[in-house]
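Inspection log for the structure reproduced underneath, given as structure tokens.
The values are calculated or read from the model by the stated rules, or taken from the named source; none is laboratory data. This is a predicted model, so every value here is computed, not measured. Cβ: placed from backbone, ideal geometry, glycine included. Neighbour counts: every protein chain shown. When the accessible area is computed, the model is the full protein with side chains, heavy atoms only, and any ligands, DNA or RNA have been set aside. Shrake-Rupley method; radii C 1.70, N 1.55, O 1.52, S 1.80 Å.
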Amino acid sequence: MAASPHTLSSRLLTGSVGGCIWYLERRAIQGLPHRVAHLFRNVNNQWVMAQHLSFLKRMYVTQLHRGLSQQVKPKPEPSASPFLEHMSSGQARAEVDELPSFSVPSLPLSRKPDEELMELEAASIVERPLDMAKETKEEKQWKEMKLHADDLPSILARLSKIKLTALVVSTTSAGFALAPGPFDWPCFLLTSLGTGLASCAANSINQFFEVPFDSNMNRTKNRPLVRGQISPLLAVCFATCCAVPGVALLTWGVNPLTGALGIFNIFLYTCCYTPLKRISIANTWVGAVVGAIPPVMGWTAATGSLDAGALLLGGILYSWQFPHFNALSWGLREDYSRGGYCMMSVTHPALCRRVALRHCLALIALSTAAPVLDITTWAFPIISLPINLYISYLGFRFYVDADRRSSRKLFFCSLWHLPLLLLLMLTCKQRPDQEGDKGEAPS
């Protein structure tokens, strides 16, 4: 069948239009990669230029701030220390004034900014430790500790626990003053001096034995033997030089009974209490006996005999030490655990609080027994009742609360309770004339 002229013309027109469209599409497709590559090349160049500018800006700001901080905040001078060598303040100021000025380095754009940034960071990381090593080379150099003659008295005072020794001498003096009979000043001075020397010897030997354990405790890590401020040989020599004349003064200057008590107390403290601290909680009771002997020594020095009055004074010191030490050890439980010591507050906390309360109440009974044994008048248990009740109340709060706050209150109360109690005993001491009036029969 023959096609009409209209149909033929339509097909020719459609074919020519389609061919034109195909030709244009083909050219567009062929030129597309070149245009896209050109576009990305321009964008890449613009991005590299922006990155260079941003990098230069950051580097300039960083160097500027670093220069300002070094000018405004110079390195402080190191603190004074006996083991370090220091520069003078004039040299330090000269070094601050001679700080080099920083300038922004010119970077060639041909190199990649990432490589330049990595090189600068690596250089700064290497230069900073080198500068710090140069500045602190002499400061970190270990210096051998040397013993100077000017430091020796303070070191020996800490080695002998001078505060504890003063407490021991004061309780010995109280026992001497409370004993019946006239007050003999030469005997009193010899007793105080001999007791003080014996206490220094015992404390020094105690520190000599406990050096490995004291180094683990914050409370005792600064002791002379732990820090190496004094040699162990010198510590033992010092203890010997204190023990021999101290025992000699108590034995031949006072009486043999007081000298024997002094020797026994040194042995009990160094050979029984010190090793027991790492074995059993019984060390607290042994330590309480050690603290109870000094007032007994004062009594025997004045009277030459060991009677009921001496035992009563020893009993008061014995009971006082439990609330004092148990409250102290409660706040140092971590320290004692780190040092490896076996304390009631660490292994038996309930017993620690119970024993402290029990002996606080025992102080009331012992104060009441003083006039019964004719040591004081009956006014003493009455006027000492308020302070005994107060320490008993704090012991009860410590038993109930079982916290650091209550233990600290009890400990600080014990510090003023004992001297005040002994002072009240001296005030209410039974006088010889009162005993004579009491023994006389009415006419």
**Q.** segment 270-327, accessible area per residue, ligands and nucleic acids excluded (1.4 Å, Å²)
**A.** 29
Q. Can you give the accessible area of HIS324, probe radius 1.4 Å, in Å² rounded to 10?
A. 40
Q | Entries in LYS163/LYS221; LYS409/LYS429; LYS161/LYS429 that, when Cα-Cα distance is taken, lie over 26 Å | A | LYS409/LYS429; LYS161/LYS429
Q: Compute the Kirkwood hydrodynamic radius of segment 148-286, taking the inverse of the mean of 1/r over all pairs of distinct Cα atoms, and give it in Å to one decimal.
A: 15.9
Q: Please turn the phi angles of segment 339-349 into ³J(HN,Hα) values with the Karplus equation 6.51 cos²θ - 1.76 cosθ + 1.60 (θ = phi - 60°), one per residue in order, whole Hz, x for glycine and proline.
A: x, x, 8, 9, 10, 4, 5, 8, 8, 9, x
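Rg/Rh for segment 270-335 to two decimals, with Rh computed the Kirkwood way over all alpha-carbon pairs.
Working: Rg = 13.9 Å, Rh = 13.0 Å.
A ratio of 1.07.
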Q) Mean 1/r over all different Cα pairs, inverted: what Kirkwood radius does segment 215-318 give, in Å? A) 15.5
Q.
Using only the alpha-carbon atoms, what does segment 160-206 span along each of its principal axes? Please give whole angstrom values in decreasing order.
A. 36, 15, 12
Q | Phi-based couplings in Hz for segment 273-287 (Karplus 6.51, -1.76, 1.60; Gly and Pro marked x) | A | 5, 4, x, 5, 4, 9, 10, 8, 6, 5, 4, 5, 5, 5, x
Q) Looking at TYR336, TRP299, PHE264, which one has the Cα that reaches farthest to the positive end of the dipole of segment 259-407 (charges on Cβ: Lys, Arg +1; Asp, Glu -1)? A) TYR336
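Please compute one quarter of the surface area of the Cα convex hull for segment 300-386 and express it in square nanometres.
On the way: hull surface 29.4 nm².
The orientation-averaged projected area of the Cα hull of segment 300-386 comes to 7.4 nm².
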